[in-house]
Structure formats: structure tokens, C-alpha cells
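Here is the structure we will look at, set down as C-alpha cells.
The values are calculated or read from the model by the stated rules, or taken from the named source; none is laboratory data. Please read all numbers here as calculations on a predicted model, not as lab measurements. Please note: Cβ atoms are built from the backbone with ideal geometry, for glycine as well, and neighbour counts cover all protein chains shown. Only protein heavy atoms, including side chains, enter the accessible area calculation; ligands, DNA and RNA are left aside. Shrake-Rupley method; radii C 1.70, N 1.55, O 1.52, S 1.80 Å.
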Amino acid sequence: MTRTGVLPRIGLAIYLLALMLPIYWLVNMSLRSNEDIMSGLSLWPHHPSLGRYFFIFNDSTWVHAFGVSLTYVAINTVISVTVALPAAYAFNRYRFVGDKHLFFWLLTNLMAPASVYAMPFFNLYYAIGLFDTVWAVALAHCLFNIPVAVWILEGFVSGVPREIDETAAIDGYSFPRFFIRIFLPLIANGIGVTAFFCFMFSWVEQLLATTLTATNALPFAAVMTRSYSAAGMDWSLLAAAGVLTMIPGAVVIWFVRHHIAKGFALGRV
Amino acid sequence: MDKPLNNRAWLLVAPVLLFVLFSALLPMMTVVNYSVQDQMGENHFFWNGDAWFRDLLNPATEVGARFAGALVRNLAFSVTALLIEVPLGIAVALCLPRKGWTVGATLVVIALPMLIPWNVVGTIWQIFARQDIGLFGAALTGLGLHYNDTQDPVSAWCTIVIIDVWHWTPLVVLLSYAGLRAIPDAFYQAARIDGAGRWAVFINIELPKLHKVLVIAILLRFMQTFMIYTEPFVVTGGGPGNATTFLSIDLVKIALGQVDLGNAASMSLIYNLITITLSWIFFTIMTQLDRRREE
């Protein structure tokens, strides 16, 4: 790659600054009191206080909700990646009756606006007794995460030469043994990237998550919406909670940064 | 490079089918069911044929005009957002560092906006865009611009576009960056020997290699902008007037606000059909281009 000049660096710095400003504003708000926030513009907190964070850490509703959110996101990520792996392999390596239609049908599930299907989802999960459990949300999020996972993984599978499959077959590997022992390590990079995307889309979605839960499995975002109504807007508390919602995602991206930096063109290069 | 025909591959796809059908089929059927019925009083439904659909697709009726308006607004929004996000995303990806500790740090910073739950995004901008206590609104007002995201339709519309650009350009950046990193150094060396300029390298080497990641980025972004709900709902509430009433917002207004299930259901089916058709056209064009280039 050619060396980066001065101009691109300045451009990048400006972009990163613009990206961070709203986030800085959120952090700024979380350290100020409500009266202070509403009273006027202030570029930094004059009397910073971590009070709002301690309030959240000491309140069992908030702590429990944070655990719930992490649980269903984790379950969803594991299910999505696990079932998408063999499917991505099949779509890339074989032709079969209806393959192209099936692939596009999977993608169409990404195009169903959650706002429309929230009520039917509620009916469905209520009927089968999963309402208000982490499983309801984890399964519901499969609707859009599995297609995304198949889509991304298919790209990674296409980067692995088919000769490897053939050599393994000649060497007497059965399909499951080949798939787990040889193939999965080859696309470990792709699994990491896919898991990141599944984590992200499940973590930020909250319309379905809120509709499918009541008290036991209330997600973090739903607890946030509750503090809207109680005694007006508690901006400072909302901001503190908002800052906390960024942490798990930041941790996950830190773990997959090498996979992204290693690069993937999704296909033969 | 013909793939072998093997119908046993269905066995590998079966688990995916099972999970997705479970969540897709029944809710979809419920919506279809409502779209052909009308309601009289509590829980008394009768067959209504295609009446909801005919009303909806006729711009002369009230609901038809409303739908057409929301559709045009939404298309304009999606096109604007994509036209900004895709070139910007690729440009930023080209500027990112390639080695050293800054790589990881920059990637985390860039990904942050995407990892914020959508209602929190709305909350941030609700304050951030205010003229009295928010930095963004105050800065624009300070520059002498007539900016008011809750009163002025143009400001409101631009605010939603800016939020979307802020929120989702990182997706294009991450995918493009990964695509760029996958290009072997030999390609660049060959280009240098040929004396190719920066622009020629971009057009002939980098852009073709980004093809597959860009298909994912553009299609995902199109679908998401076409279904945008939370951000306008929280920040502008679809207003002022109906300046930011996009399709999803309008739909929820009809379904939950007016409890008009027949209208809402037929509207969501047509809406879904439009999204699928547009995505299909795009998907086909992109894959055809890819095939032609490989031949």
C-alpha cells in the first residue's frame, strides 16, 4: 500500500473528531446534574459527578437488565454463527434445487420492518410460552442475524480454494471431521467478524426486545425507556446508561480488531 | 468453475431454514390475514378482499396520498444517505492507518456509533441538536444558519440525514477497510512498475476488489434506511408536519395510533414488496456485473 500523506491524515482526524463529538456530549451529560444540563450550553462539566453511575450500579433492576441483554445477545450470536456455517458452505460449494431463491429469500427477512412485526411476534412467543424469557429475544433476533451471518460467511467460504475439500476427501476425512478439523480453522477470521456483526445487530435492536419481555427478562434499553416517564426526563441518568451501553460493544470490537485489520475481500482475490 | 449439483446440500441448509421460518412464517401470515379483512367492533372480522390494497395504491384517496408521500420522502432519504455514506466510507477507509497500535484504537473509535442502541442514538441527538443546550444546534446557530430541528422541516430532514451518516458510515468504513487490506502487495507493486497514478490504482485495483464487501454494505444500508424508525421517532417524532414521516413511522401511526389493522397490514405488505423488489434489482445488477467481469 502506498504511504499515507498529510492530507488524508488531516481528513481522517476531522472525521474522527466529528464522530466523537456526539459521544463526548453524552459522556459530558452523564457527569452533570439535570438542572445543569437544562440551564445552558457548557462544553465540559463544571462539577463532574459519577453519582448517576453509582445509582445504576446499586440498583438491581439496572444491573439485572444489563445481564439479560448480554445473555440474549450471546445466545443469539452462538445460534446464528453455528447454523449459518454449514449453510454458507452449502451455498458456496454446491448447486441444489432452489438455491438462488432460497438465498434471496433469506435476505428478504432483513427487509421486514420490526415495527410491523412486533405485535405478531408478541402473539407467537406468548402462545408457545417463551414470552418474557431471554430465549424469546434470542430466537426473534435470529430472523435478521442468521441471514446476515450466512451472507458474510459465504464470502469467507468462497475465499478457501476448493482443492482443500478435495484433498481432504482423498485423505479419507469424513465430511463432519473435515468440516470441524480442517475447514473451521481456515475461516476462523470470518467467524470472528461474523460474530461481531451478530453481536452488534442484536445488541442495538430494542423494538423486538422490548415487545417480547415484561419483567423477568427486561432488556437494558427497556429500563432506559422507563426513566423517560418517571418525573419528566432524567437526562443525566439516561446519558449515564447510554455510556454504559457502549462498553460491551467496544470490548467485542477490540477482540476482533485483528480479524478486520487482516482484511477480507469476501471472494477470490 | 461449475459447482457440482448436490441436493443433499439441503441438509446443511435445513437448520437455517428451520430457525428463520419459525420467526418469519407465522408473523407474516398474521399480517396477510389482517390485510384482507375488516373489523366490526371487538374481534369481529369479515372478508374485505383487495379493497385495502386498491385504496392504498390510488393516490386520489386519502390513505393513498399519504402512502405515496411517505414513499417519496423515504426514497429521497435513502438515496441521499447512500450517496453520502458510501463515498465517504470508502474515502475514510483509504485514509486509515495500516499498521501499528493506532489500527486497533482507530477501529474501536470508528465502530462506536454503530454499537449504541438506537434509542440512545436518538437521545444523544435530541439534546446534541438543541439550539440552547446542544453543541451541534448551538454551533449552527452561532454560524448564523437558520437551524431548528423541531420547527423547520428542512432542518429536521437534514438532521435525520446527518444522524444516519454519523451512525452508519462506520459500517461502510469497516467493510471497505477489510476489503482493502485483503489486496496483496504484489498488485500495488505491479501498478507502480506500470507507473499508474493514485486514481488509476483506485479504479483498476481497489474498487474491483471491494466489489463484494460493497454489495453487502450498500444493500444493508439501503434496507436499513428504507426501514428507519427509531431515530426520527425519538428525535423529530415524524415532524414538523410530516417532513420526516418515513414509511415505518407512518405505518406505526396507522397501526397503533388509529388501530386501523387492515390499512396497516396492506400497507406493510406493499411496503415489504417494494423493499424486496428494489433490493432484488440491485442484487441482480451487482451479481451480473461481477459475473461479466470474471468472464
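Checked across the stretch A:235-258, the condition of being surrounded by fewer than 21 Cβ atoms within 10 Å (Cβ to Cβ), over 24 Å from B:I228 (Cβ atoms), aliphatic (A, V, I, L, M) and at pLDDT below 85 holds for no residue.
Within the stretch B:88-122, how many residues are in contact with a Gly (Cβ under 6 Å, 6 or more places away or on another chain) and under 26 Å from A:W203 (Cα atoms)? Give the derivation first.
Here is the first cut: in the stretch B:88-122, the ones in contact with a Gly (Cβ under 6 Å, 6 or more places away or on another chain) are B:95, B:115, B:120.
Subsequent filtering for residues that are under 26 Å from A:W203 (Cα atoms) retains B:115, B:120.
Residues in the stretch B:88-122 being in contact with a Gly (Cβ under 6 Å, 6 or more places away or on another chain) and under 26 Å from A:W203 (Cα atoms): 2 in total.
Here A:L31, A:L7, A:L21 are screened, and the one residue that is out of contact with any Lys or Arg (no Cβ under 9 Å at 6 or more places or on another chain), open to solvent by 30 Å² or more (accessible area, probe 1.4 Å) and over 30 Å from A:L208 (Cα atoms) is A:L7.
Which of the residues that make up the stretch A:34-51 are part of a helix (DSSP H, G or I) and open to solvent by 50 Å² or more (accessible area, probe 1.4 Å)?
Within the stretch A:34-51, A:E35, A:M38, A:S39 qualify.
The single condition among (1) out of contact with any Asp or Glu (no Cβ under 8 Å at 6 or more places or on another chain); (2) crowded, with 18+ Cβ neighbours inside 10 Å that A:F91 does not meet is (1). Here B:A265 passes the criteria (1) out of contact with any Ser or Thr (no Cβ under 7 Å at 6 or more places or on another chain); (2) over 30 Å from B:L112 (Cβ atoms) except the one numbered (1). The set of residues from the stretch B:120-147 being in a helix (DSSP H, G or I) and over 23 Å from B:L174 (Cβ atoms) comprises B:T123, B:Q126, B:I127, B:F128, B:L135, B:F136, B:G137, B:A138, B:A139, B:L140, B:T141, B:G142. Every listed requirement among (1) more than 9 Å from chain A (Cβ to nearest Cβ); (2) under 30 Å from A:G40 (Cβ atoms); (3) assigned to a loop (DSSP other than H, G, I, E, B) is met by B:S155 save one, (3). Residue-level analysis places A:T61 outside the set of residues that are open to solvent by 30 Å² or more (accessible area, probe 1.4 Å), out of contact with any Phe, Trp or Tyr (no Cβ under 6 Å at 6 or more places or on another chain) and within 13 Å of chain B (Cβ to nearest Cβ). B:A91 fulfils the conditions (1) at positive phi; (2) modelled with pLDDT of 90 or more except for a single criterion, (1).
Is it the case that B:V109 is of a type in the set (V, I, T) and crowded, with 16+ Cβ neighbours inside 10 Å? Outline the logic, then answer.
Working: of a type in the set (V, I, T): yes; crowded, with 16+ Cβ neighbours inside 10 Å: yes.
It is true that B:V109 is of a type in the set (V, I, T) and crowded, with 16+ Cβ neighbours inside 10 Å.
Would you confirm whether or not the stretch B:169-184 contains a residue that is touching a His at 6+ places or on another chain (Cβ under 9 Å), touching a residue at least 12 places away in the same chain (Cβ under 8 Å) and under 18 Å from A:S158 (Cα atoms)?
The initial filter retains those residues of the stretch B:169-184 that are touching a His at 6+ places or on another chain (Cβ under 9 Å), namely B:178-179.
Restricting the remaining residues to those that are touching a residue at least 12 places away in the same chain (Cβ under 8 Å) gives B:178-179.
Checking which are under 18 Å from A:S158 (Cα atoms) leaves us with B:178-179.
Looking through the stretch B:169-184, at least one residue is touching a His at 6+ places or on another chain (Cβ under 9 Å), touching a residue at least 12 places away in the same chain (Cβ under 8 Å) and under 18 Å from A:S158 (Cα atoms).
Listed by position, the helices (runs of 4 or more DSSP H) contained in the stretch A:110-217 that have at least 3 residues being more than 10 Å from chain B (Cβ to nearest Cβ) are A:134-158, A:162-170, A:188-204. Among the residues in the stretch B:242-255, are any over 25 Å from the mean Cα position of the chain (by Cα), touching a residue at least 12 places away in the same chain (Cβ under 8 Å) and open to solvent by 10 Å² or more (accessible area, probe 1.4 Å)? Scanning the stretch B:242-255 turns up no residue that is over 25 Å from the mean Cα position of the chain (by Cα), touching a residue at least 12 places away in the same chain (Cβ under 8 Å) and open to solvent by 10 Å² or more (accessible area, probe 1.4 Å).
Might you check whether a residue that is part of a loop (DSSP other than H, G, I, E, B) and surrounded by fewer than 16 Cβ atoms within 10 Å (Cβ to Cβ) occurs anywhere in the stretch B:51-58? Even if it seems obvious, please write down each step before you answer.
Start the filter on the stretch B:51-58 by keeping residues that are part of a loop (DSSP other than H, G, I, E, B), which leaves B:58.
The next check asks that each one be surrounded by fewer than 16 Cβ atoms within 10 Å (Cβ to Cβ); those that pass are B:58.
Yes.
Hey, among B:I216, B:I228, which residue is modelled with pLDDT of 85 or more, outside any helix (DSSP H, G or I) and crowded, with 17+ Cβ neighbours inside 10 Å? Reasoning before the result, please.
Numbers: B:I216 fails: outside any helix (DSSP H, G or I).
When all the criteria are applied, what remains is B:I228.
Looking across the stretch B:196-206, the residues that are open to solvent by 60 Å² or more (accessible area, probe 1.4 Å) and more than 9 Å from every other protein chain (Cβ to nearest Cβ) come down to B:W199, B:I203, B:N204.
Figure legend. Inter-residue proximity from the stretch A:6-27: first residues at the interface with chain B (Cβ under 7 Å from one of its Cβ atoms), second residues small (G, A, S) and buried (at least 19 other Cβ atoms within 10 Å of the Cβ), beta-carbon distance below 8 Å, spacing 6+ or different chains. Indicated pairs: A:W25/B:G134; A:L26/A:A239; A:L26/A:G242.
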